[in-house]
Each structure stands twice: as C-alpha cells, then as structure tokens.
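Novice: Pasting in a structure now, in structure tokens, and then I'll have a few things to ask.
No value in this document is a laboratory result; all are computed from the given coordinates. All figures in this text were calculated on a predicted structure; none of them were measured in a lab. Note that each Cβ is placed from the backbone with ideal geometry, even for glycine, and that neighbours are counted across all protein chains shown.
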Amino acid sequence: MAEETGGLVIDPMHQFQIAPLFGEGREIGLFTVTNQTLWLGIAVLVIALLMILGSSGRALVPGRLQSIGELLYSFIHDMVEDVTGHEGAKFFPYLMVLFTLIVTSNLLGLIPGSFAPTSHIAMTATLALIVFLGVTLVGFYKKGIGFLGMFWVSSAPLVLRPILALIEVISYFVRPLSHSIRLGGNIMAGHAVMKVFAGFAGVMGVASVVPIAAIAAIYGLELLVAVVQAYVFTILTCVYLRDAVGEAHH
C-alpha cells in the first residue's frame, strides 16, 4: 500500500510473490530456497514435532499434544474408513499426511508476516496431480481394464450411455483442475481481502476501527476456511479413491 499521485494504491497480490531467501533479485531456479519452501519446511517441522512429541509419552491419560495428535488421527482415520471402506483405509497414512500438510500450511499462512504455500497453484496443482495419478494407477492395479467401467452408466438408457460416458471422462480429467483451484483460490481470496482492509486501516485514522473490525471478523472466518478447505481436499481425495478401490455404483 502506498500513496502515488495523490491516490491510494493497495497491492493485495504482492504478499503472494515467491522470492529467494538469499540473494535478493536473483533468478529463481529449481533448487533455489524461497519463502515458499521455507514455510513448507516449517509446516513439516511443526507436524513432525506435534506427532513425535505427542506420541513419545504414550500416557494413559494424554497430555495436550498427545490429545491433539490422537484426535487428529482418529478423525482422519474414521473419515477415510467411512468414505472409502476397508480397502481404502489402507491408504490412510497418505491421507493423514495430506490433511496435516494442508491444514498446517493454511494455518501458518495466517501468521502476520508469513507466507501461505497453499495460495499458489504450483503447490495445490502438484498435490491434485499426485492424487489424480495415484487414484488412476490404483484403479487400474485393482480392477484392470474394468476400472474404465466407472465411465459407463449402465443404468441409463442405451442411447444416452455414450454421451454420459463422454461427460464422465471429461469430468474425470477436470478433477485435478477443480481440486487445486478450489484450495488455492479460497486461501488466496481470504488473504487478499484482509490485505485490502489493512490498507484502508492504515490511512483512515480514527475511522480505521471499521476496517480493523472487518479484518478481525475475516481472520476468524479464515481460521475456519483453513480447516474446512483441508478437510474438503482430503474428503474429495477419499471419494476419488473410492472409485478406484470400491464397487461401481452405476
């Protein structure tokens, strides 16, 4: 935010710029350490500390960290088993890692001065593509060519089946796009809105109490969004996985 030529200029997108940690202005290469990799590393460290410290005591009466770890474990395990069934529950470790990585990255991104890795399509698209390729490979491994049966709606009239099959195929290949944009778009939008209100708060003097109150309200909403979007990403992964390991419902 700055004043230029007498006008108020707010740049809510500057906070999403990926920059190298060392050597300002240098070109970002494949192995360049950036603010995004830093906060991803912090997220991994936070998760490791939570799980290691939380499970190290193995107390019958759990402490705070152990309670958080056990609650998180049981919540994700129950969700995976309920949605994917017994076969899908075998993939619980991956889904546990997926949820904890996303929710921790989302929450860390709400710390003032931090960086939200999940606001970038580079991360969300990578996660979505891993899910898409993983589900497809598991589907062919489990069912062979029968996996393609999910595209054939046998309960529909015969004349409509080819059209519905084409729609099913298109929707299947659109999954990574919708999966990634939903997460990245929601995280980016919330942070951008808070930045805009923060810009107004900096120049409104006494009246800044209004945008500050708005920021507080949006921040509370973003805490909820951070958790909900991690849950949505994970449960959609469970639904996709059910297609690969479960029985066809067409």
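Novice: Binning at 10 Å from 0, report for region 112-198 what percent of all alpha-carbon pair distances ends up in each bin.
Specialist: 15, 31, 26, 16, 9, 3
Novice: On to the next question. Expressed in nm², what is the orientationally averaged projection area of the convex hull enclosing the Cα positions of the chain?
Specialist: 19.8
Novice: In terms of modelled amide H atoms, which long-range or inter-chain residues lie less than 5 Å from the amide H of Thr34?
Specialist: Leu21
Novice: So, one more: Gain in length, Ile145 to Ala216, computed as 0.36 nm per residue apart minus the alpha-carbon separation, to one decimal in nm?
Specialist: Result for the pair: 20.3 nm of gain on full extension.
Novice: Within the chain, which is the longest segment containing none of the GluC sites (Glu not before Pro) that sit in a DSSP loop and have at most 13 other Cβ atoms within 10 Å?
Specialist: 28-246
Novice: Modelling each spin label as a point 7 Å along the Cα-to-Cβ direction, I'd like the Ser55/Val239 distance in nm, to one decimal.
Specialist: With each label placed 7 Å out from Cα toward Cβ, I get 3.0 nm.
Novice: Calculate, for Val209 and Leu71, the FRET efficiency according to 1/(1 + (r/R0)^6) with r their C-beta to C-beta distance and R0 35 Å; round to the nearest 0.05.
Specialist: Working: r = 37 Å, r/R0 = 1.06.
In this case the efficiency is close to 0.40.
Novice: Right, something else. When only alpha-carbon atoms are used, what values of Rg and Dmax, in angstrom, describe region 157-250?
Specialist: Taking only Cα atoms of region 157-250, I get Rg and Dmax of 20.9, 69 Å.
Novice: Report, in order of residue number, the helices in the chain meeting two criteria: a C-alpha extent of 30 Å or more along the helix axis, and a mean Kyte-Doolittle hydropathy of at least 0.5; treat each whole DSSP H run as one helix.
Specialist: Helix filter hits for the chain: 35-56, 121-143, 161-201, 209-245.
Novice: Name the lysines eligible as straight-distance cross-link partners of Lys90: C-alpha to C-alpha under 30 Å, and not fewer than 8 places from it in the same chain.
Specialist: Filter leaves Lys142, Lys143.
Novice: Quick check: pseudo-label points 7 Å beyond the Cα along Cα→Cβ at Leu160 and Glu81, how many nm apart are they?
Specialist: Computed distance between label sites Leu160 and Glu81 equals 3.8 nm.
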